[in-house]
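The values are calculated or read from the model by the stated rules, or taken from the named source; none is laboratory data. What you are looking at is a predicted structure, and each value in this text was computed from that prediction instead of being measured. As a convention, Cβ positions derive from the backbone with ideal geometry for all residues, glycine included, and neighbour counts pool all protein chains shown.
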């Protein structure tokens, strides 16, 4: 890709800068779209015992899913601007946002900065879908999945706005197997993982312009997500 690409050999300063930029995406999205997630809440022991709160979160999730499904019908129109406008308004209002929603929001921020990203599902080598979506930057062309022994793994950046972290893919897999193993529902913290690439939403020039006008603070300085 032309913008936000990563070379095969990075200096330590360049690597830190790129990950820092990617992490900023997570922080901006989290601040702009605060949420309560029933699936994430359940990973905290202090919330497990509060059955009423968990039920409330799940009810809000179902409500938001219905609204999201209704909004998705707008995709049938010639331009997806109405869908994304409705989608963003729903995320602002109902504040129950899942990982797939967060990746859409982060992808909009990246597109507003001319940075391409690819949706990906996190899966185990046993082909178990962990029901978790992330964004990948600097994915090789024609790739269908990113596996643990892929030579490009160390150059691919994972942006996980739901878990609110960003890192190179080889580091991200280690983190999913350790500090985030409970959030991911991993029984074996040494489970081998890979990223299965998902179709990207169609984000038109009108949508990008809408994002830039509605969220001017999303626009980053020149050199964002690029080598130093």
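Could you run through segment 176-228 and say how many residues are part of a helix (DSSP H, G or I) and either closer than 19 Å to residue 161 by Cα or in contact with a strand residue (DSSP E or B) (Cβ under 6 Å, 6 or more places away or on another chain) (or both)? Steps first, please.
Start the filter on segment 176-228 by keeping residues that are part of a helix (DSSP H, G or I), which leaves 176, 181-184, 205-214, 216-218.
Cutting the leftovers down to either closer than 19 Å to residue 161 by Cα or in contact with a strand residue (DSSP E or B) (Cβ under 6 Å, 6 or more places away or on another chain) (or both) gives us 176, 181-184, 211, 217-218.
Summing the residues that are part of a helix (DSSP H, G or I) and either closer than 19 Å to residue 161 by Cα or in contact with a strand residue (DSSP E or B) (Cβ under 6 Å, 6 or more places away or on another chain) (or both) in segment 176-228 gives 8.
Within segment 210-228, track down each residue that is under 20 Å from residue 81 (Cβ atoms) and surrounded by 12 or more Cβ atoms within 10 Å (Cβ to Cβ).
Kept after step one, since they are under 20 Å from residue 81 (Cβ atoms), are these residues of segment 210-228: 210-216, 218-219.
Across segment 210-228, the qualifying residues are 210, 211, 212, 214, 215, 218, 219.
Got at least one residue in segment 160-169 being more than 20 Å from residue 35 (Cβ to Cβ), part of a loop (DSSP other than H, G, I, E, B) and modelled with pLDDT of 90 or more?
Looking for residues that are more than 20 Å from residue 35 (Cβ to Cβ), part of a loop (DSSP other than H, G, I, E, B) and modelled with pLDDT of 90 or more, one finds none in segment 160-169, hence no.
Can you name the condition, by its number, that residue 107 falls short on among (1) at pLDDT below 80; (2) within 16 Å of the chain's Cα centre (by Cα); (3) closer than 23 Å to residue 205 by Cβ?
(1)
Could you look through segment 171-209, keep only residues that are touching a helix residue (DSSP H, G or I) at 6+ places or on another chain (Cβ under 6 Å) and crowded, with 16+ Cβ neighbours inside 10 Å, and pick out the one that is modelled with the lowest pLDDT?
The initial filter retains those residues of segment 171-209 that are touching a helix residue (DSSP H, G or I) at 6+ places or on another chain (Cβ under 6 Å), namely 176, 184, 189, 193, 203, 206-208.
Okay, now just the ones that are also crowded, with 16+ Cβ neighbours inside 10 Å, so 176, 184, 193, 203, 207-208.
On the way: 176: 92, 184: 84, 193: 89, 203: 89, 207: 94, 208: 96.
Residue satisfying both the conditions and the ranking: 184.
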